[in-house]
Structure formats: C-alpha cells, structure tokens
Amino acid sequence: MKQKYLSEIIYQIFALIIVVIVVHAVYVAVIRPNAEIIQQQQTMMQEADENYVPERSIYIVMKDFEQETCIILFLWALSIVGMKTLRTMRERSLLDRELLQVSDGTSILPEDARQYARPVQALPEKERAYLLPRALLAGLHRFGTTRNVQDVAATVRDVCDSESERLESELAIVRYIAWAIPSIGFLGTVRGIGTALGQAHQAVTGDILGVTVSLGVAFNSTFVALLTSIMLMFVLHQLSLIQDRLVLDTQTYCDNHLVNFLQVPGKAPTRTLPDNGVAEPA
C-alpha cells in the first residue's frame, strides 16, 4: 500500500513537470508570438480607422500568465483524473471474474473459508491490493473466525465504506485545483483592472488603447479560468460517479458470490437483503 502511494506521488510530480514544460513551450513558441503579431496589426488598424472593431483572437485570449497557469493546472488535474480512472476500470474488470469459484447449490462452511480464500490469495500482488479481493479475503477470514454470517456482511460493508472514504480523500488535490483555477482567473482580473485604472489619465486625453488592452487581460483571464474550471468539475464528477459505482458493485458482488453461500452447521441457509446487505434466514 505504501508503495502504491509513493508511486502515485511520483506520478503526480512528474506529470506536473511535463505539463509545465509542454505548456510553457507552446506559449513561448506559438501563442505569445502570434498574439503579439495580431495585437500589433489591430493597433495599426485602430489608429488608421476609428470605427474599426478588432476581432477576438484565441491567441490574445490565451496569451497572459494567468491563462497559462490555469491551463497547466487543468492539464495536471486531468492527468491525475486519468490515472485514477484507469485504476478504477482495472478494478472493475475483476467484477467479471469468478474469484471464489463457487458453484450453485454449494455452501461455504467456516472450515472451508481458508480453502476458498486461496484462489484470491493467488492473484498477482497488484490485483490483491484492489477492493474486491480485499473485501472477499476480509469476509472469509471473518467467517472462519466468528462463524457468523452477519459479521461477514458487516465486515464487507466496512471494507467498502473505508475504501469509499479513501477514494474521496484522494480526490482532495483535484478539488483544490478546481478551486484554485477560478481564483487565479480572478487574480488576473484584479491585475487587469488595476492596470487599467493606472492608465485612466491616458483615457482622459482620448487614448483608450491601453485601458482597452488592460481590461481585455481582466476579462480574458476570468473567461479562461471559469471555462477550464467547469470542464474540470465535470470530469471530476464523472470520476466520482465511477468510483462510487465500483464500491457499490463490489459490495453487491460480495453479497451474491460470498454471503449468499455461507452456512453455519446447524443453522438454516442465509440470504442477503438487497436494501441493507444484512443476512437473514431464508
């Protein structure tokens, strides 16, 4: 488990470094040079024709440092979300496999718990760290120890609840980025408006070009920040939905493939209610 956390931290650090290098290279080589050329052309045309209305250019909208920072954070968050989505889909693939190899009509006795745990323990180390094997092993171990079916259902539910909380906490960095992006955009807005106010004396004399450019910085940074934040929140919501479904489907899998087959000698067979997962006599 510690190795997994360490690998995720290393991945996030290298992902941030790569995103910073790539995005800054694109800004230096493409966006800012084109934005400067377009801005010079628009300035010349405004000086030649007072009625000229400059067209909005994507290069001018994206050229400032606040927008670059928002793009860097957005792509970094996407790389983290992509990694977690890939891991979640790999975990979901285990739900399509019969890990316990229990046939219909078979009852699992407390003495058989260790035997049925062996196929799960034989999985590769990476797969054993997934939620489903951990829940199955915890349930089998609990059944062999307590010989109580209700304890098994409660143990599986506790493992799934703990995993749900862990997945929720691991998304804290992405939620922080989703909060930080609009904040950076508002910083650009404050910077642009402050610069525009500093050039108010030029507007009094009739030269409003500097004020217009500064206000453009303010509005463009807010526009880019809010747009990237909306897209990131949508992606984050989809990831949370996939993870929640994984936890719920894992609990259902354990109920259908483990709890429903458990039987204590001298007691009636048990079944699991679909609404609360508590085993009761059939």
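Figures for the structure shown
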read-out	value
Within the stretch 199-214, considering residues that are part of a helix (DSSP H, G or I) and in contact with a Gly (Cβ under 6 Å, 6 or more places away or on another chain), the one modelled with the lowest pLDDT	GLN202
Test: residue in the stretch 140-147 that is assigned to a loop (DSSP other than H, G, I, E, B) and basic (Lys, Arg)	yes
Out of ALA178, ALA279, ALA196, sole residue that is touching a Leu at 6+ places or on another chain (Cβ under 6 Å), crowded, with 19+ Cβ neighbours inside 10 Å and at pLDDT below 70	ALA196
Residue in the stretch 38-49 that is charged (D, E, K, R), on the phi < 0 side of the Ramachandran plot, assigned to a helix (DSSP H, G or I) and modelled with pLDDT under 85 present	yes
Residue in the stretch 102-121 that is of a type in the set (Gly, Ala, Ser) and closer than 30 Å to THR85 by Cα present	yes
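The values are calculated or read from the model by the stated rules, or taken from the named source; none is laboratory data. Model, not experiment: these values are computed from the prediction. Here the Cβ is made from the backbone with ideal geometry for all residues, glycine too, and neighbour counts use every protein chain on show.
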